[in-house]
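Just below is one structure, and these are the notes that go with it.
The values are calculated or read from the model by the stated rules, or taken from the named source; none is laboratory data. Small disclaimer: the values here were computed from a predicted structure and weren't measured. Cβ coordinates were reconstructed from backbone atoms using ideal geometry, including for glycine residues, and neighbour counts include every protein chain displayed.
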Ligand code: ADP
């Protein structure tokens, strides 16, 4: 058979150089290969004592390489065994007088005990077949081996199989020494049986995997050659060579850029010369395969019709008018001017408001492929731009990978969560993204792995983020931000009934004839079970309802008694028992099977409570405002607006202010500002501490707390709330229970504008508040808010703190007219 062996000792290198490479006759290509019996690392100068018997071999191929150190790789085919008679010379390479031990024709002629041999060989053949058949036949090498077993003369089998099965060096030497055929058969049969037993054990302990089988096949003895030339390896070799030729053909026919083609052809040239055992071989091959696969010139045809796009967007998404309008403008410009070097759209808004799904709709309207690249937590620039090919395990970046996945060069790429890009020692991924997103540069985007430019100008990039605060400024500069605010309750109800419920029904295999969710129930879910700006957890709750109903419906198909209304609303959930109950009943009494449950199952509040548990959010507002020293503020978070209770209490002390609730510096400053302003105006408002003094901090400590202490809060907009809360504490009056407020304060008592008004107002509306105090200069922001929300609420525009306090307390926070003591000067 044929094997590959690596040669790197000086003596052997010399042999290759002066005999194999220089020689011209056929004789000079035959060498003797003798197993190395001593430690291979120790033999530097002395020729080790040679094993008595070796194998003559024909050197078929010699490949030289300098990596990792100078060596030759020989492909040798075994011819026959020989015995060393006398060593003629040792330097520069050993030459010996030898005697040939076996000849092929000799086997067939000179049998003394032919019968015994025939039996042995038959037995051997059976074991060999059994062994090979235990391997995975789908591996080409195994199938070839199976064919070989039948085609080769039986005498050749022991040598071939010994080279394949797992044996120790000692055993291999023994078989090499076994010149007589009979002896060879006898010696190898136990080894075969051992291997078969081993394989059986392996198969018992785990499911055989292809890899394992391959490994068994691939185990070959070291520096040991069998003398029967076989074709197995050569064919494999040829196959690999064919692959390379195919690859080359693919490269030439692919439509890659000229520069890329040049690089690929150079690489394939290198590949052809490279021995396959080199790690670089696989690396280069992977690289070339990727290059061939990339969609250099393949694109889908845009089908863009603005009217259809409008209908499609409207069909897929309810509300979000501003966003849809901007997207349509964007698409219209694209239609008029094919090459658009416009800004990248970036949708900014709380989670679950449909940013990703609008991106998907855009791809659908354009008839383009869609690919989402999640950037959250990416902190290595090679994630975007790939690793250089010198690294082990290097790969292309996500952009190139995405292109490979979609297979066209003009997909819609959704860069999800650009605000959550990280930064680390491995470079700044945002900087890498700059190149990707810049229309002036991205026609020649160079991934480190590819190392040639790829044209990204046809790709349509859309980004999404929860907040623009953490998007790197340079990146933000390249994008056009479109705010996607949260939904109002009415919008959520519509979205639920038009989109979410039908989708959930379909996912759970239910029909509207089986389940009905009236609008009041949806409203209940929205107000009592969710508190969010988007619709994601609403969607989840609807999913939970559908699951529970699916159980009822499936149960109804088996149960004899039909579940009545009481059962749906009953506290004890019967879905747990379905699996146990259903079987015996359905077997025992088939007559009642036909009775379906009462359809449709109506989800009312009782059912809701049964399925989703007790409500998670109650209208707790009035309860919490039953003591002085509590006020409701409005906060903006990346997840949408929220209402926030500010609580204050006072106690005897030394005039200290304690703040709790994970506050940022700006928030702490607001608290100090508020106290200072109140102290300076204490007399005017008749505010006193416990002992009746106008110096509010005299012998008094104040504690301010912002609940939900696990969430860090910062920003100036809580100023007015803190003032109101403290004013309530010191005046002993209750703040109106339906008022929420927001606004920054100054030391002089002015109210300054703040951001996020729309989200804050929606949050207050969600929480059922009625009156909202906002800074005067934020009045213009109210226009963005839907009319029905505005109608539900009363807005108070305040420009100074007096106005805030007057609006926050029932009957106003009266400023006592100063009672001037008239000192008679008479
Ligand atoms: P985001 O990317 O903003 O976090 P998604 O795009 O993943 O949110 O939206 C979450 C789910 O809500 C999706 O299933 C989407 O279909 C649905 N959804 C959100 N807004 C709307 C809307 N206006 N109309 C219809 N479905 C919506």
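Descriptive notes on the structure:
- In segment 596-618, the condition of being at pLDDT 85 or above, within 30 Å of residue 484 (Cβ to Cβ) and part of a helix (DSSP H, G or I) is met by at least one residue.
- Qualifying position, being crowded, with 16+ Cβ neighbours inside 10 Å and touching a helix residue (DSSP H, G or I) at 6+ places or on another chain (Cβ under 6 Å), among 375, 415: 375
- Across segment 173-195, the number of residues qualifying as closer than 28 Å to residue 99 by Cα, in a helix (DSSP H, G or I) and touching a helix residue (DSSP H, G or I) at 6+ places or on another chain (Cβ under 8 Å) comes to 10.
- For residue 479: the one exception among (1) within 14 Å of the ligand (Cβ to nearest atom); (2) within 30 Å of residue 378 (Cα to Cα); (3) modelled with pLDDT of 85 or more: (1)
- Just one of the listed residues (664, 653) is in contact with a strand residue (DSSP E or B) (Cβ under 9 Å, 6 or more places away or on another chain), in the same structural domain as residue 749 (by the TED database) and closer than 17 Å to residue 715 by Cβ, namely 664.
- Flag for residue 458 being surrounded by fewer than 21 Cβ atoms within 10 Å (Cβ to Cβ), within 16 Å of the ligand (Cβ to nearest atom) and modelled with pLDDT under 90: no
- Filter result for residue 377 (part of a loop (DSSP other than H, G, I, E, B), more than 23 Å from residue 441 (Cα to Cα) and either within 16 Å of the ligand (Cβ to nearest atom) or within 18 Å of the chain's Cα centre (by Cα) (or both)): yes
Okay, residues lined up against (1) under 21 Å from residue 356 (Cβ atoms); (2) touching a strand residue (DSSP E or B) at 6+ places or on another chain (Cβ under 8 Å); (3) surrounded by 16 or more Cβ atoms within 10 Å (Cβ to Cβ):
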site: 502; (1), (2), (3): yes, no, no
site: 507; (1), (2), (3): yes, no, no
site: 511; (1), (2), (3): no, no, no
site: 525; (1), (2), (3): no, no, yes
site: 550; (1), (2), (3): no, no, yes
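- Meets criteria (surrounded by fewer than 13 Cβ atoms within 10 Å (Cβ to Cβ), at pLDDT 75 or above and more than 17 Å from residue 91 (Cα to Cα)) for residue 27: yes
- Scanning segment 451-475 for residues that are touching a strand residue (DSSP E or B) at 6+ places or on another chain (Cβ under 8 Å) and farther than 30 Å from residue 266 by Cβ turns up 460, 461, 462, 463, 464, 465, 466, 467, 468, 471.
- Answer from 415, 403, 500 - the residue that is at pLDDT 90 or above and over 24 Å from the mean Cα position of the chain (by Cα): 500
- Only one of the numbered conditions (1) in contact (Cβ under 8 Å) with a residue 24 or more places away in the chain; (2) more than 16 Å from residue 728 (Cβ to Cβ) is not met by residue 692, and that is (1).
- Tally, over segment 325-354, of residues that are farther than 14 Å from residue 480 by Cα and near the ligand (Cβ under 9 Å from one of its atoms): 5
- Test set (1) buried (at least 17 other Cβ atoms within 10 Å of the Cβ); (2) in contact (Cβ under 8 Å) with a residue 40 or more places away in the chain; (3) assigned to a helix (DSSP H, G or I); (4) within 16 Å of the ligand (Cβ to nearest atom) - residue 357 fails condition number: (1)
- One residue from 383, 314 being part of a helix (DSSP H, G or I), away from the ligand (no atom under 16 Å from the Cβ) and touching a helix residue (DSSP H, G or I) at 6+ places or on another chain (Cβ under 9 Å): 383
- Condition check for residue 258 on (1) closer than 25 Å to residue 446 by Cα; (2) modelled with pLDDT under 85; (3) surrounded by fewer than 12 Cβ atoms within 10 Å (Cβ to Cβ): one failure, at (2).
- Exactly one residue out of 501, 468, 495 is more than 12 Å from the ligand (Cβ to nearest atom) and either in contact (Cβ under 8 Å) with a residue 12 or more places away in the chain or assigned by the TED database to the domain that holds residue 401 (or both), and it is 468.
- Conditions (1) at pLDDT below 85; (2) under 36 Å from the mean Cα position of the chain (by Cα): number failed by residue 268: (1)
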